[in-house]
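Below is one structure, written out as structure tokens; the observations come after it.
The values are calculated or read from the model by the stated rules, or taken from the named source; none is laboratory data. Remember, predicted model here, so these are calculated numbers, not experimental data. Every residue, glycine as well, gets a Cβ built from its backbone with ideal geometry; the counts of neighbours run over all protein chains shown. These area figures cover heavy atoms from the full protein model, side chains too; ligands, DNA and RNA do not enter into them. Shrake-Rupley method; radii C 1.70, N 1.55, O 1.52, S 1.80 Å.
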Amino acid sequence: MPLALLALAVSAFGIGTTEFVMMGLLPNVADDLGTSVPTAGHLVSAYAIGVVLGAPLLTAVGSRIPRKRMLLLLMALFTVGNLASAFAPDFGWLLAGRFLAGLPHGAFFGVGAVVAARLVSEGRRARAVATMFLGLTVANIVGVPAATLLGQHRGWRATFLVVSAIGVCAMAALARLVPYVPLDAHQGLGREMRALGNRQVLLGLLTAVLGFAGVFAVYSYLSAMTTEVMGFGESSVTLVLALFGIGMTLGALAAGPLTDRALRPTLYGSLGALAVVLVVFPFAVHVRWAALVTVVLLGGVGFMTTTPLQMLVMNKAKDAPTLASASNHSAFNLANAGGAWLGGVAIAAGWGWTSPALVGAALAVAGLAVAVTAGVLDRERRGVSRIVASADARTARSEAEADAH
């Protein structure tokens, strides 16, 4: 694999760390800034809103900027957002800093996925994209626990200063290792918008929103489930979250070669497996060793959906994949917000701490239904295209024979 993928993975590591670390720092931030933990939770939402809005907006604005330069500009904005968070004088400024840090998230992964795919041969594109995503998964194993520990002992501002330093290192790696990747001929905003309107792209984005929401319906409340249901102490929460991250990494490693070999079957299989794991989850969590194994499996099958979904929208957007690729990360963050909300509704209704898993299973099945429907429609369209092409060829041969006579 090209060294440029390492630069993309380092960037993904920084982005993944700052995205998830706030969940562990909410009590510290609330204490320091004199607000409540639920109010501090708006900092998580501010980042997610930044991702959802920034992915299509910044990708559209940068549609004519060379991709390497665009990656550098996005990572610079990420670094500025984290610096603004580190030096925020009050809660309002911290909210703005989190929103700013979230803006480049989706656009970076969108552009980065296109660049990663262009660096390798056709049969290894999914593996290249999965390698970039490894930085995101490793962040959940190493970056988030370490950054949370740092914030708890040195203050939450120190965490964002370190993440800013990672951003600077990532910029240096991108500048040094990523080659010039030319824009496609006639690439522009109009062409990107038309590609985004492709029915298969839209169905892929809907699959991401529904299917991945199943993961976050549980992940958002995993810390509470660890202490309230599994019977572990608060000190074990970091371990459980790290196990989820290990599962994510294993899922990303498996998804690359599987997607290169068979994209849609990998997507169907991962969504189906996700639904099964979520159905089993409420029963497994009452046995400690089974609970830990299930957490790893949840991270693995959940994250295994990301690479085929990313490759699907890129393939269907054809010669203008950047906006579709970036919008996929808006879809993932909508899934994050929607899954967390629906899981919370189930808990508030008195259905118990494990009820989000069954909500997640229903969402995963809905995502699978959309994915299968999209696959059937795509197969029918290709069949019609082949029939039309065959008829055109026969007509051309008949005309040629008539002219010969």
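Assorted remarks:
- Condition check for Ala337: open to solvent by 10 Å² or more (accessible area, probe 1.4 Å) and small (Gly, Ala, Ser): yes
- Here is the figure for the stretch 53-101: residues that are in contact with a helix residue (DSSP H, G or I) (Cβ under 6 Å, 6 or more places away or on another chain) and basic (Lys, Arg) total 2.
- Considering the stretch 59-69, the residues that are open to solvent by 40 Å² or more (accessible area, probe 1.4 Å) and in contact (Cβ under 8 Å) with a residue 12 or more places away in the chain include one that is nearest to Gly112 (Cα to Cα), namely Lys68.
- Restricting Ala48, Ala146, Ala96 to residues that are small (Gly, Ala, Ser), part of a helix (DSSP H, G or I) and buried (at least 21 other Cβ atoms within 10 Å of the Cβ) narrows the list to Ala48.
- Complete set of residues in the stretch 251-272 that are farther than 16 Å from Ala374 by Cβ and crowded, with 18+ Cβ neighbours inside 10 Å: Gly251, Ala252, Leu253, Ala254, Ala255, Gly256, Leu258, Asp260
- Qualifying residue in the stretch 123-135 (condition: within 23 Å of Thr259 (Cβ to Cβ) and open to solvent by 50 Å² or more (accessible area, probe 1.4 Å)): yes
- Some residue of the stretch 112-123 being farther than 16 Å from Leu8 by Cβ, in a helix (DSSP H, G or I) and either free of Cβ contacts under 8 Å to residues at least 24 places away in the same chain or among the polar types (S, T, N, Q) (or both): yes
- Residues considered: Gly102, Gly106, Gly24. Of these, the only one that is open to solvent by less than 10 Å² (accessible area, probe 1.4 Å) and either farther than 25 Å from Lys318 by Cβ or part of a loop (DSSP other than H, G, I, E, B) (or both) is Gly102.
- Filter result for the condition that a residue is out of contact with any helix residue (DSSP H, G or I) (no Cβ under 9 Å at 6 or more places or on another chain), at pLDDT below 90 and of a type outside the set (A, V, I, L, M, F, W, C), over Ser330, Ser390: Ser390
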